[in-house]
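Novice: Here you go, one structure.
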Amino acid sequence: MVDQSAVGRSFTPITARVEPGRLRYFFNTIGERNPVYRDAKAAEAVGFAAVPVPPTYLFCLEMMDNDRPFEFLEALNIDLARVLHGEQGFTYHAPVVVGDTLTFQSEVTDVTDKKGGALTFVGVRTRVTNQAGLHVADTTRTIVVRN
Amino acid sequence: MTTLSPAVGERLVHKAFPPISRHTLALYCGASGDHNPMHVDIDFARQAGFPDVFSHGMLVMAYLGQALTDAVSPVAIRSFSTRFAAITQLGSRLTCEGTVTELFEAGGERRARLALTAKDADGETKLAGEAVIAL
């Protein structure tokens, strides 16, 4: 079981590039037709330097370019088969667009037992910066472990 | 920037999505980089105690995000968060909605808070969340 010693633990930073072909595949998968995501001119018309990423894509980038996408589960000795996603949040500070290179730095923020220890909630916060060192976003997630 | 001037209680977001198929989940694995076998490998899901594979929560959140950005320009979104209230089963037909709950000022701009939901055809809430947008 995960315990309080995990709090404050940080993981290997992930660097990921926003590649247009992979982003288009994501849009095709979810049936996204919004011109802002399909056409650079439409994106520029609303103030983006290029086609932006959609609201949840930061989560994907962090996994996609990670040699060990489940590193933090392995590091905390959590079985993938016993994990559910409890909560996910994004706070956006600056735009992220095609061509950007992002760095994700994650750390465990809290560990809370629920239902008499049947479940453990593990909170992870990730700071996201771009190629210019600009702090573009923060993401938070809660992983539910079925003990 | 958007030119929205919504009122509290107004429904800004409403979009329905096609049923979630196994094919969608397989594509989403590749598209998202989330290769958790729980969402594509029925043997793995059964061994973990589930009757079948089920949707990535983040696919449902992507649909909710799509419904949001159909209504609100992506440049105006300041935050977006959800709680995954229930597992989304194969075949679910989701409807995503968002209603204005608060108008306020922060960061030198007028903002609105939206309460967001993704529900299946039985009306069961799969995701409950919120977004803050600049007006």
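Novice: Using the alpha carbons of region B:26-135, what is the convex hull volume per residue in cubic angstrom, as a whole number?
Specialist: 112
Novice: Summed for both chains, how many Å² of accessible area, to the nearest 100, are buried between A and B with a 1.4 Å probe? Don't jump to the answer; show the numbers that get you there.
Specialist: On the way: alone 8160 and 7040 Å², together 12360 Å².
Roughly 2800 Å².
Novice: Heavy atoms only, 1.4 Å probe, whole protein assembly: order A:LEU84, A:LEU134 by accessible area, highest first. Don't skip to the end; give the middle numbers.
Specialist: On the way: A:LEU84 45, A:LEU134 90 Å².
Ranking A:LEU84, A:LEU134 by accessible area, largest first, yields A:LEU134, A:LEU84.
Novice: Right, next: Please report, in Å, the Rg and the Dmax of region A:1-133, where both are computed over Cα atoms only.
Specialist: When restricted to Cα atoms, region A:1-133 yields Rg and Dmax of 17.1, 54 Å.
Novice: Order B:HIS56, A:HIS135, B:HIS35 by their accessible area, 1.4 angstrom probe, all chains in place, largest first.
Specialist: Largest to smallest exposure gives the sequence B:HIS35, A:HIS135, B:HIS56.
Novice: Ok, one more. Farthest toward the dipole's positive end in the protein assembly as shown, which of B:THR95, A:LEU119, A:GLY21, given Cβ charges of +1 (Lys, Arg) and -1 (Asp, Glu) about the Cα centre?
Specialist: B:THR95
Novice: How large is the accessible surface of A:GLU74 in square angstrom, using a 1.4 angstrom probe and rounding to the nearest 10?
Specialist: So the heavy atoms of A:GLU74 present about 110 Å² to solvent.
Novice: Give me the angle, in degrees from 0 to 90, between the Cα long axis of helix B:22-32 and the longest principal axis of the Cα atoms of chain B, rounded to the nearest 10.
Specialist: Around 60 degrees separate the two axes.
Novice: Among rounded, prolate and oblate, which fits region A:55-147 when a ≥ b ≥ c are the square roots of the eigenvalues of its C-alpha gyration tensor, a/c under 1.5 means rounded, and a/b larger than b/c means prolate?
Specialist: On the way: a/c = 2.65, a/b = 1.99, b/c = 1.33.
Prolate, since a/c reaches 1.5 and a/b exceeds b/c.
Novice: Taking Rh as the Kirkwood radius, which is the inverse of the mean 1/r over Cα pairs, what is the Rg/Rh value for the protein assembly as shown? Numbers along the way, then the final one.
Specialist: Numbers: Rg = 18.3 Å, Rh = 19.3 Å.
Taking Rg over the Kirkwood Rh, I get 0.95.
Novice: Under a GNM of chain B (C-alpha, springs under 10 Å), which listed residue has the highest mean-square fluctuation: B:GLN66, B:GLN47, B:GLN89?
Specialist: B:GLN47
Novice: Given a 1.4 angstrom probe, what's the average accessible area per residue across the protein assembly as shown, in square angstrom?
Specialist: Values: 12360 Å² over 282 residues.
Here the per-residue accessible area is 44 Å².
Novice: Given the rule -39500 (n - 2.57) for each run of at least 4 DSSP H residues, summed and divided by the residues of chain B, what is its mean residue ellipticity at 222 nm, to the nearest 500 deg cm²/dmol?
Specialist: After summing the helix terms and dividing by residue count, I get -7000 deg cm²/dmol.
Novice: With the full set of protein chains in place, find how many percent of the accessible area of chain B is carbon and sulfur; take the probe as 1.4 Å.
Specialist: That fraction is 48 percent.
Novice: Next question, about the same structure. For region A:7-146, which whole-number percentage of the solvent-accessible area (1.4 Å probe, protein heavy atoms only) is attributable to carbon and sulfur atoms?
Specialist: Reported share for carbon and sulfur atoms: 50 percent.
Novice: Given a 10 angstrom Cα cut-off, can you work out which residue in A:ASP67, A:ASP113, A:ASP100 is the most mobile in a GNM of chain A?
Specialist: Highest fluctuation of the listed residues: A:ASP67.
Novice: How about region A:38-80: which of its residues lose at least 10 Å² of accessible area in the presence of all protein chains relative to their chain isolated, using a 1.4 Å probe?
Specialist: Listed by number, the residues meeting the 10 Å² cut-off are A:VAL46, A:PHE48, A:PRO55, A:THR56, A:PHE59, A:CYS60, A:MET63, A:MET64, A:PHE70, A:LEU80.
Novice: What accessible surface, in Å², does a 1.4 Å probe find on B:SER92, ignoring ligands, DNA and RNA and rounding to the nearest 10?
Specialist: 10
Novice: Just to make sure I understand: if all protein chains stay in place, what is the order of B:VAL40, A:VAL98, A:VAL111 by accessible area at 1.4 Å, largest first?
Specialist: Of B:VAL40, A:VAL98, A:VAL111, the descending order of accessible area is B:VAL40, A:VAL98, A:VAL111.
Novice: Further question: In Å and from the alpha-carbon atoms only, list the Rg and Dmax of region B:81-135.
Specialist: Answer for region B:81-135, Rg first and Dmax second: 13.7, 44 Å.
Novice: Taking Cα atoms, how many degrees apart are the long axis of helix A:20-30 and the longest axis of chain A, rounded to 10 and kept between 0 and 90?
Specialist: Here the helix axis deviates by roughly 70 degrees.
Novice: Using just the helices of chain A, give the 222 nm mean residue ellipticity in deg cm²/dmol: DSSP H runs with n ≥ 4 each add -39,500 (n - 2.57), and the total is spread over all residues, rounded to 500.
Specialist: Result for chain A: -5500 deg cm²/dmol, rounded to the nearest 500.
Novice: At a probe radius of 1.4 Å, what is the per-residue accessible area of B:LYS15, in Å² to the nearest 10?
Specialist: Spelled out: B:LYS15, probe radius 1.4 Å, area about 50 Å².
Novice: If you don't mind, there's one more thing I want to ask. Mind telling me which of B:LEU59, B:LEU27, B:LEU116 comes out most flexible in a GNM of chain B, alpha-carbon contacts under 10 Å?
Specialist: Checking each option, the largest mean-square fluctuation is seen for B:LEU27.
The values are calculated or read from the model by the stated rules, or taken from the named source; none is laboratory data. Bear in mind that the values here come from a model prediction, so they are computed numbers and not experimental data. Neighbour counts are summed over all protein chains in view; Cβ atoms, including those assigned to glycine, are modelled from backbone coordinates with ideal geometry. Ligands, DNA and RNA are excluded from the accessible area calculation, which covers all protein heavy atoms including side chains. Shrake-Rupley method; radii C 1.70, N 1.55, O 1.52, S 1.80 Å.
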